[in-house]
Structure formats: structure tokens, C-alpha cells
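Below is one structure; the comments refer to it alone.
The values are calculated or read from the model by the stated rules, or taken from the named source; none is laboratory data. Only a predicted model underlies this, so the values are computations on that prediction, with no experimental measurement involved. Neighbour counts run over all protein chains shown; Cβ positions are idealised from the backbone, glycine included. Surface accessibility is based on the protein's heavy atoms, side chains included, excluding ligands, DNA and RNA. Shrake-Rupley method; radii C 1.70, N 1.55, O 1.52, S 1.80 Å.
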Amino acid sequence: MAEQIIGLHEWMTTPPGAYLLAWERAQMAAVVANVFGFHALQLGLPELDALAANRMPHRWLATETPHDKAAFVSDFAALPFPANSLDLVVLPHALELTADPHTALNEVARVLVPEGRVVICGFNPLSLWGFRQQRAHLYRRLSMNRLFLPQAGEFIGYRRCRDWLRLLSFEIEAEHFGCYRPAFSSAPWLQRSAWLDPVGARWWPFLGAVYCLVAVKRVRGMTLLNPAWKPARILANAPVSIANSSGASKSEYF
């Protein structure tokens, strides 16, 4: 009997999916609230309104397949925006959804303005959830188990994602990990292990099931000009000391 594999959207309706969405909503509300500009874009995961706390006048949701909440459908590796036109791009698991994550990240770097920000959420392979997923992959070959996390493409680990960003001239501004409860599928067991969230955040922060990265696009050789708040000093009438023939000096004006 063939195993039925659910996708990321269906998995988000399960108890662990709802637990993860709650954490990501809180993170997004904190990291995008004070990002200013005019144009913001979310790629994928309509279940999460990642731009709800942002105050930019133009905000869009794009998906690779038709969805009621999406403003438009687009290949994440070929966004319909000119270069240097967006102030904020949010990718909640978008790199795991798209077929070519590296090209998609290059496209995000292209459309972001200098000093623009990108926010990325992804599953952390080095976590209790990631370990269960790896074990399930092994058992699945023997038809003995099913995957815990959805089969949504390749999981991009935190270090790998960070290296990709740095190669694209992004500077990591903030990093957060969350969801330290074990890989339980039932809501009661997840609730009983809620005490592990503060403990994990304190003692093994890099082992959270999900990570959130905030990075800033830097442009080499670009100098930001600050406004001249103080008027330039006028030196035309400044007194200048001029020595006379006897060696004494007197003040004269130009």
C-alpha cells in the first residue's frame, strides 16, 4: 500500500503545524513591524499573514500555485518586479517550497533595494523534529514509518541559508530559533511539553525545530548621504591675522 504524503499546506492544519504557525506569527509580528518603506512582498504560505504587522502602503502575497489569498501567481525564481524595487521580502518556508531555492534567493537579492531586508523561516534539520524526519526517511525505505514533517522539498538548514545570504552580500541582522517541544503529533502531548520552550531557548537555542533569519542587503561602495542639519559656516567675514612690517600683527577683514 502506497504511503500518502501530505504537503506543507495540509500539514499546517495538524497540531504540530498549528504550534509552528503560532510561533512564526509572533516572530513575524516582531521583526517586520519596524521595517519601513513602500513595497513589501511575501512569498508562499498563505496560512501565515507575515506582513500583518507591517505598515507599508503596498503589500502583496505571491504563490507559485493559485490561491484565494494570493495577489498574483509567480515562479519564485522569476519575480515580476524590476531590480531594486522592494523594501522587504518575507519567505516563510518558500525556499523549501520552490524547486530552485538558490535561484529564488538570487531573485530576492535582485528585487530588494539597497539596505532592504529579507526575512526567512525554515525547518532546522539539527533539531528533535529534524532527527525524527531523518529517522523516518530511513524507516520509510523499509515501509515501516511515515514522515513527520511534510514532503515540501529540500530543507535548507540554518548554516546553509546563512552562507547563501552572505555570498549574495547580505548581512545577518538577527536570528531566532523556536519550537523546542518533541515531535509529537497529538495536541495533548504538545501541550504537556510546553515547558520545554523556555528551557530550550535558554540552554540549547540552536536546536529549535524552526529558525527565522533577518538579513540586510548591502551594496559595496555605496555611501549613504545624511542631510546637512547645520548650515555651512560662512568664512568670508572671518578675521584673519596679518603680520605688519614691524613684526606685530593686526586683524583685517577680507
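Residues are listed down the side, and each one gets a yes or a no for (1) surrounded by 16 or more Cβ atoms within 10 Å (Cβ to Cβ); (2) aromatic (F, W, Y); (3) within 21 Å of F184 (Cα to Cα):
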site	(1), (2), (3)
E24	yes, no, yes
A29	no, no, no
R59	yes, no, no
T65	no, no, no
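Only residues in the range 1-25 that are farther than 16 Å from L97 by Cβ and at pLDDT 80 or above count as the first member; pair them with residues that are open to solvent by 30 Å² or more (accessible area, probe 1.4 Å) and not small (G, A, S), Cβ under 8 angstrom, at least 6 apart or cross-chain, and list the lot.
P15/F184; P16/F184; Y19/R181; R25/D49
Given the conditions (1) open to solvent by less than 20 Å² (accessible area, probe 1.4 Å); (2) part of a loop (DSSP other than H, G, I, E, B), which single one is not true for A77?
(1)
Somewhere in the range 70-92, is a residue without any contact (Cβ under 8 Å) to a residue 12 or more places away in the chain and closer than 18 Å to V32 by Cβ?
Checked the range 70-92: at least one residue is without any contact (Cβ under 8 Å) to a residue 12 or more places away in the chain and closer than 18 Å to V32 by Cβ.
Check the range 54-69 and report whether any residue there is in contact (Cβ under 8 Å) with a residue 40 or more places away in the chain and either closer than 19 Å to R218 by Cα or hydrophobic (A, V, I, L, M, F, W, C) (or both).
no
Among the residues of the range 86-111 satisfying the criterion of being touching a helix residue (DSSP H, G or I) at 6+ places or on another chain (Cβ under 7 Å) and open to solvent by 30 Å² or more (accessible area, probe 1.4 Å), which is modelled with the highest pLDDT?
Result: H102.
Report yes if some residue within the range 130-141 is within 25 Å of the chain's Cα centre (by Cα), open to solvent by less than 80 Å² (accessible area, probe 1.4 Å) and either modelled with pLDDT of 90 or more or of a type in the set (D, E) (or both); otherwise report no.
no
Suppose we keep only residues that are β-branched (V, I, T) and open to solvent by 70 Å² or more (accessible area, probe 1.4 Å) within the range 200-240. Which one would you say is modelled with the lowest pLDDT?
I234
Please verify whether the range 241-248 includes one or more residues that are at pLDDT 95 or above, more than 24 Å from D100 (Cβ to Cβ), more than 15 Å from the chain's Cα centre (by Cα) and not in a strand (DSSP E or B).
Of all residues in the range 241-248, those at pLDDT 95 or above come to none.
Among the residues of the range 241-248, not one is at pLDDT 95 or above, more than 24 Å from D100 (Cβ to Cβ), more than 15 Å from the chain's Cα centre (by Cα) and not in a strand (DSSP E or B), which makes the answer no.
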